[in-house]
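Some notes on the structure that comes next.
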Amino acid sequence: ELLPYKSVLGGIRNFKDFPKIDHKVKAEEFRHGYTDFEYVYLTVLGLALLHTNVEEIVRRCNGKVYTQNPGVQLLEVTCGMTMHGDRSGATALLRSAPQSLIEGFRLAKESKRGTLQFFREAFDRKADPCLEGRMGRILEYLEKHSRAAPGASSTTPPWEDVSLGPIPDGAKPDFIVGEHLRVFKNECTWRWAQAKGMDYQTAKAVAGEAAAAAEFEKLYNADTFRAAMRARGIVAEPCGVQWQTDTGIAYDVAVNAQIERAWQQRVPKVMVRIGPKGWKYEIDFSRRPPVQRNTKTQKERPIQRLEGVASRPEKGKLTAVELEEAVRYYIDLCTLPPGPTTPSWTLA
């Protein structure tokens, strides 16, 4: 839908064929060196990549400024934009941004003014290019045109419904699972609403009725919840591996897991952030032994992989046993319907 308007929106200036995300474009670059077409294309592409990677980005977000926030750093590398990860509502914005874009585009398709007006109204390359700045224009468009549409109602859930609330340090597994369960149920309601062609709030009310329970529980049950928790990386798989420097300094849990994943996937190099200020280092597996390289000074330090080390779950993660016990707890409370493969002993 965007490509037919390439010339109208200024064409391509900085790429050979189509825009690609190769770095975080700054405000001045967008304002003076990019076309409207490039800005819209990069924003749409960035939000599509956010949709694909949102769970990993959210998992890494720690509520701190970008230099100390692995989630924001991953957002910059993956999606080409930054955000204020230390502000309230950051997680909600990450989860809702891609769907808000889709909702705006849907309204534009139904409008007599068409999609070109959407690309002109909902995108502004002179605005702040952070995620909040880009979404501000899209949300303004949504508010304006949703109210203008006769009989319009929102098909998207409120941010807080599909966003995890703060999980304090030392939170018990029941608390962690309960928060994920709340979000999962709302996500299932959202999917069910789309399948049934109704708005989110109506679906939320109807899903709790006895007549709809059997159908809704095909999406929302203990089995689908377990699968979602594993797919989102909430269940810590004990790898028993610790990466450390040649001087014996071990990497923290999150960085250790990132290095181990890259090693298992045979990725030749991986970028990590280390220390309180988020210093950037490159882990180079092509060297023997592998090395940690400072990207500014190019100074290298050998690193090593130790097996058989007792592993610790990252903050906000659970062991498989903790997940299963919490699932049984919520089944017993009749908060979570048992799935077809739920062991009978959980129902006793």
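For segment 185-224, a residue qualifies if it is touching a Ser or Thr at 6+ places or on another chain (Cβ under 8 Å) and more than 27 Å from Ala326 (Cα to Cα), and the qualifying residues are Ala193, Gln194, Asp199, Tyr200, Gln201, Thr202. Is it fair to say Thr202 is open to solvent by less than 30 Å² (accessible area, probe 1.4 Å) and either over 21 Å from Leu93 (Cβ atoms) or not aromatic (Phe, Trp, Tyr) (or both)? Against the criterion (open to solvent by less than 30 Å² (accessible area, probe 1.4 Å) and either over 21 Å from Leu93 (Cβ atoms) or not aromatic (Phe, Trp, Tyr) (or both)), Thr202 does not qualify.
Test Leu47 against the criterion of being of a type outside the set (D, E, K, R) and either surrounded by fewer than 21 Cβ atoms within 10 Å (Cβ to Cβ) or closer than 30 Å to Glu110 by Cα (or both), and give yes or no. Yes, satisfied. For segment 208-235, filtering for residues that are open to solvent by 70 Å² or more (accessible area, probe 1.4 Å) and in a helix (DSSP H, G or I) leaves 6. Within segment 316-338, does at least one residue satisfy the condition of being modelled with pLDDT under 90, more than 12 Å from Val177 (Cβ to Cβ), of a type in the set (Lys, Arg) and not in a strand (DSSP E or B)? The answer is no, given that none of the residues of segment 316-338 is modelled with pLDDT under 90, more than 12 Å from Val177 (Cβ to Cβ), of a type in the set (Lys, Arg) and not in a strand (DSSP E or B). If the condition is being open to solvent by 100 Å² or more (accessible area, probe 1.4 Å) and either small (Gly, Ala, Ser) or within 12 Å of Asp36 (Cα to Cα) (or both), then segment 8-22 contributes only Arg13. For segment 263-309, the tally of residues that are open to solvent by 60 Å² or more (accessible area, probe 1.4 Å), among the hydrophobic types (A, V, I, L, M, F, W, C) and modelled with pLDDT under 85 stands at 1.
Identify all residues within segment 55-64 that are open to solvent by 20 Å² or more (accessible area, probe 1.4 Å) and within 17 Å of Arg95 (Cα to Cα); write none if there are none.
Within segment 55-64, Glu55, Glu56, Arg59, Arg60, Cys61, Asn62, Gly63 qualify.
Residues of segment 1-32 that are closer than 17 Å to Cys130 by Cα and part of a helix (DSSP H, G or I): Ala27, Glu28, Glu29, Phe30, Arg31, His32.
For segment 71-78, state whether one or more residues are open to solvent by 40 Å² or more (accessible area, probe 1.4 Å) and at pLDDT below 90. Yes; the residues of segment 71-78 include at least one that is open to solvent by 40 Å² or more (accessible area, probe 1.4 Å) and at pLDDT below 90. Among the residues of segment 245-262, those that are over 23 Å from the mean Cα position of the chain (by Cα) and open to solvent by 30 Å² or more (accessible area, probe 1.4 Å) comprise Asp246, Thr247, Gly248, Ile249, Ala250.
Within segment 89-113, no residue that is closer than 16 Å to Val183 by Cβ and open to solvent by 10 Å² or more (accessible area, probe 1.4 Å) sits with its Cβ atom under 6 Å from a residue that is among the polar types (S, T, N, Q) and in a helix (DSSP H, G or I) at 6+ positions apart or across chains.
All of (1) within 11 Å of the chain's Cα centre (by Cα); (2) buried (at least 17 other Cβ atoms within 10 Å of the Cβ) hold for Leu42 with one exception: (1). Condition check for Thr67 on (1) surrounded by 15 or more Cβ atoms within 10 Å (Cβ to Cβ); (2) outside any loop (DSSP other than H, G, I, E, B); (3) in contact (Cβ under 8 Å) with a residue 40 or more places away in the chain: one failure, at (1). Residues that are of a type outside the set (A, V, I, L, M) and closer than 18 Å to Ile234 by Cα were ranked within segment 64-83; the one that is nearest to the chain's Cα centre (by Cα) is Gly71.
The values are calculated or read from the model by the stated rules, or taken from the named source; none is laboratory data. All values reported here derive from a predicted model rather than from experimental measurement. Using ideal geometry, Cβ is built from the backbone for each residue, glycine included, and neighbour counts are taken over all protein chains shown. Accessible surface areas use protein heavy atoms only, side chains included; no ligands, DNA or RNA. Shrake-Rupley method; radii C 1.70, N 1.55, O 1.52, S 1.80 Å.
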